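Report on the structure given below.
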Amino acid sequence: MAASPYFLLLLLFLFHPLAALAPLAPSPSPSPSQPSPPRSQPPPPRVPQQVQVWPKPVSISWPLPVYAPLSPSFSIRASPSHPSLRHAIAYYTRLIRTERHAPIMPPVNYTIAGVPIRLLALSVSDPDTKLGPGVDESYTLSVPPNSSSADISAATPWGVIRGLETFSQLAWSSSAAAAGGQPIVPSDLEISDHPLFTHRGVLLDTARNYYPVGDILRTIRAMAANKLNVFHWHITDAQSFPIVLPSVPNLANLGSYSPTMRYTEQDVRRIVRFAESFGIRVIPEIDMPGHTGSWAAAYPEIVTCANKFWAPKAKPALAAEPCTGQLNPLNPKTYRVAQDVLRDLAALFPDPYLHAGADEVNTACWEDDPVVRGFLADGGSHDRLLELFVNATRPFLVHELNRTSVYWEDVLLGPKVSVGQTVLPRDTTVLQTWNNGAANTKRVVSAGYRVIVSSSSYYYLDCGHGGWVGNDSRYDVQEKEHDGMPLFNDPGGTGGSWCAPFKTWQRIYDYDILHGLTEDEARRVLGGEVALWSEQSDAAVLDSRLWPRASAAAETLWSGNKGSNGRKRYANATVRLNEWRHRMVARGIRAEPIQPLWCPMHPHMCNLSQ
């Protein structure tokens, strides 16, 4: 004969020191927002109890499926109080009190503790630690059994903020009467957590297409929810110069798309303050000497090959894509303007890193200038031109502005134009890789440089959407493409996207940014950034381009992509990412779905193999 529920409850009370447990919660009905399975189908399988937090914490202890309700007067207090936490405390207090998250598949067979949680106490041992590279973001979170308070402890305010996000994700809305309509969180829970990499970022290009400030702020809020900590703001490019800088205002006045598509000093300071309140650094990038066609409207004399067709017939292309123009390293005025730009940028952005680009320098564009042609005829080289530029701007950036210079890998690796290692001191230089996957990462770290990984084969979120240049006859093909030819339109073809195919969340999740590195080389990898280049993106599609694929990178950079058995955990991640995407949408982040809703309602039934 089966034991009665009351006998089981008695045993639970005797062997687990929780006072006044509520009756076993019934199997909750699906959320009203979620369709019930048709009656002709068997009911979905029951979901095992697990802590739903994204990214997955490093260590979780939760011995029994017991939840504690939050008191209607639930509050968060920090000791000691600190300005860095004021916004986070207000934000998470409001979120935790008001969010009524209804899981796609609500847990079943759990109990509700009788003591509600009234207080989340925050303890910071070093509250004055400034936000910056390598800052400690570790935390511990404890929800003791039969206690009216929970605790988050961390060395820095930034670790506390990560713990607050975790606590917010622990809460969900139960239909159990004992919850009293309040959110519930796992009881007798211990979490110890810290990031695997200290640099976990999103790059957003605001030059090809403009993004309003509100959309940038929403992106930063979503980054915080995913425990990402670097917003790499690729502000300018050949197509537009949207940031207003006081020393050189005409760069934006004449180089932006319109007066309504500019970022003012007030806008920038608002974005930086908002990001800091969530523990997110903002690294600005002004790409130069390439990708500077937008400078030509204000300073035509310092830009070569400006406003020319990018791919002239029977001649070398003048740029990697439409919109030509590069700074002229042989014009002294180039450096006066560049230094004004860098000085103003450093005044607006307090982060110790400043990204100075230096990618995709085009030799034909420089050769379009007669002075440059004369320099080359006299024995000069393209490498020497780039060296002149870097030697005139990098020391100013490092010594005058007290910044670490960040460049794209091209400055060292080429392939067409590069400088020697003596031009790039390792202690003040960070390089960002984007070509050839693990191979280029190894080349850079083996040369002794610190690295940020943004491999286009894994982390470029714009890839796979087809080509965007017009008047392209390659699409005007009605017949099947011939065997042995590079595919373009047929299945498996690029469709005109240079970095096709589309990078799915699983492709991103399975990427190991330390692949093929020695332990010593791996120590020089700071972390990674997913990148959204905006030739085919703007605010209308921003959320769906980023999320939840950036979430996949966020977990791998925070706690890795392998379980305790050393195997990749992508099957488990599928279930959890479906749930996390569902919650992000409810929080106002328009993340795209990764599967039909039927799949998370029938866990593991949509896998390729059992």
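The values are calculated or read from the model by the stated rules, or taken from the named source; none is laboratory data. Please read all numbers here as calculations on a predicted model, not as lab measurements. Neighbour counts are summed over all protein chains in view; Cβ atoms, including those assigned to glycine, are modelled from backbone coordinates with ideal geometry. When the accessible area is computed, the model is the full protein with side chains, heavy atoms only, and any ligands, DNA or RNA have been set aside. Shrake-Rupley method; radii C 1.70, N 1.55, O 1.52, S 1.80 Å.
Could you check the spin-label model distance between A439 and T260? Points 7 Å from the Cα along Cα→Cβ, value in nm.
4.7 nm
When you take every Cα atom in segment 323-370, what is the radius of gyration, and what is Dmax, the widest Cα pair distance, in Å?
Answer for segment 323-370, Rg first and Dmax second: 13.2, 40 Å.
Hey, in the chain, which Cys have no second cysteine's beta-carbon closer than 4.7 Å?
Within the chain, the cysteines lacking a partner Cβ under 4.7 Å are C323.
Quickly rank 305-313, 221-229, 409-417 as a protection proxy: mean count of other C-beta atoms within 10 Å, highest first.
By packing density, highest mean first, the sequence is 221-229, 409-417, 305-313.
Taking a 20 Å limit on the Cα-Cα distance, which of the listed pairs K442/K568; K56/K568; K56/K227 fall beyond it?
K442/K568
Can you compute the FRET efficiency between N109 and A377 using 1/(1 + (r/R0)^6), with r the Cβ-Cβ distance and R0 = 56 Å? Round to the nearest 0.05.
0.10
List the residues of segment 502-519 whose backbone N lies under 19 Å from a point placed 7 Å from the Cα of R567 along the Cα-to-Cβ direction.
506-507, 509-512
Could you sort 141-154, 122-135 so that the peptide with the highest average Cβ count within 10 Å comes first and the rest follow in order?
Averaged packing, sorted descending, gives the order 141-154, 122-135.
Taking R0 as 22 Å, what FRET efficiency do you get between S192 and S71 from their Cβ-Cβ distance, rounded to the nearest 0.05?
The formula returns an efficiency of 0.30 here.
How compact is segment 59-193 by the rule of thumb for globular proteins, expressed as Cα Rg over 2.2 N^0.38 Å?
Rg over 2.2 N^0.38 Å, computed on Cα atoms: 1.04.
With an 8 Å Cα cut-off and a minimum separation of 6 or more residues, compute the relative contact order for the chain in percent.
13 percent
Using each residue's phi in segment 56-71, evaluate 6.51 cos²θ - 1.76 cosθ + 1.60 at θ = phi - 60° and report the 3J(HN,Hα) Karplus result to the nearest Hz, with x for Gly and Pro.
The phi angles translate into 4, x, 5, 9, 10, 10, 8, x, 9, x, 10, 10, 10, x, 8, 5 Hz.
Would you pull out the residues with amide H under 5 Å of S256's amide H, same chain only if 5 or more places away, H placed 1.01 Å from N?
F241
What dipole magnitude, in Debye to the nearest 20, does the chain give about its Cα centre under +1 on Lys/Arg Cβ and -1 on Asp/Glu Cβ?
Dipole of the chain, to the nearest 20 debye: 1680 debye.
Which residues in segment 293-318 have a backbone N closer than 16 Å to a point placed 7 Å from the Cα of W498 along the Cα-to-Cβ line?
293, 310-312, 316-318
Before I look further, what does the chain give for accessible area per residue, probe 1.4 Å, in whole square angstrom?
Per residue, the chain has 42 Å² of solvent-accessible surface.
Ignoring ligands, DNA and RNA, how do Y139, Y570 rank by accessible area with a 1.4 Å probe, largest first?
Accessible-area ranking of Y139, Y570, largest first: Y570, Y139.
Arrange the peptides 335-348, 372-385, 389-402 so that the one whose residues have, on average, the most other Cβ atoms within 10 Å appears first.
Highest-to-lowest ranking by the protection proxy: 335-348, 389-402, 372-385.
Give me the percent of DSSP beta bridges within the chain that run antiparallel, rounded to the nearest 5.
Bridges in the chain are about 30 percent antiparallel.
Whole angstrom only: what separates the Cα centroid of segment 563-604 from the Cα centroid of segment 210-272?
31 Å
Relative to the first principal axis of the alpha-carbon coordinates of the chain, what is the inclination of helix 265-277, with its axis defined by its Cα atoms, in degrees from 0 to 90 and to the nearest 10?
40 degrees
Expressed as an acute angle from 0 to 90° and rounded to the nearest 10, what is the orientation of the C-alpha long axis of helix 332-348 relative to the principal long axis of the chain?
In the chain, helix 332-348 runs at an angle near 20 degrees to the longest axis.
Compute the distance in nm between two label points, each set 7 Å from the Cα along the Cα-to-Cβ direction, one at A347 and one at S446.
4.5 nm
Probe radius 1.4 Å, ligands and nucleic acids ignored: give me the carbon and sulfur share of the accessible area of the chain as a rounded percent.
C and S atoms contribute 55 percent here.
Restricting the count to DSSP beta bridges whose residues both fall in segment 59-193, what percent are antiparallel, rounded to a multiple of 5?
55 percent
May I ask for the angle, rounded to the nearest 10°, between helix 382-395 and the longest principal axis of the chain, with both axes built from Cα atoms and the value confined to 0 to 90°?
Computed tilt is about 60 degrees.
Please give every one of the lysines within straight-line cross-link reach of K308, meaning a C-alpha to C-alpha distance under 29 Å, and leave out same-chain neighbours fewer than 8 residues apart.
K333, K416
Limiting things to C-alpha atoms, what are the Rg and the maximum Cα-Cα separation (Dmax) for segment 543-582, in angstroms?
10.6, 34
By how many nm would the segment from S79 to R426 lengthen if fully extended, with 0.36 nm per residue of separation less the alpha-carbon distance?
120.9 nm
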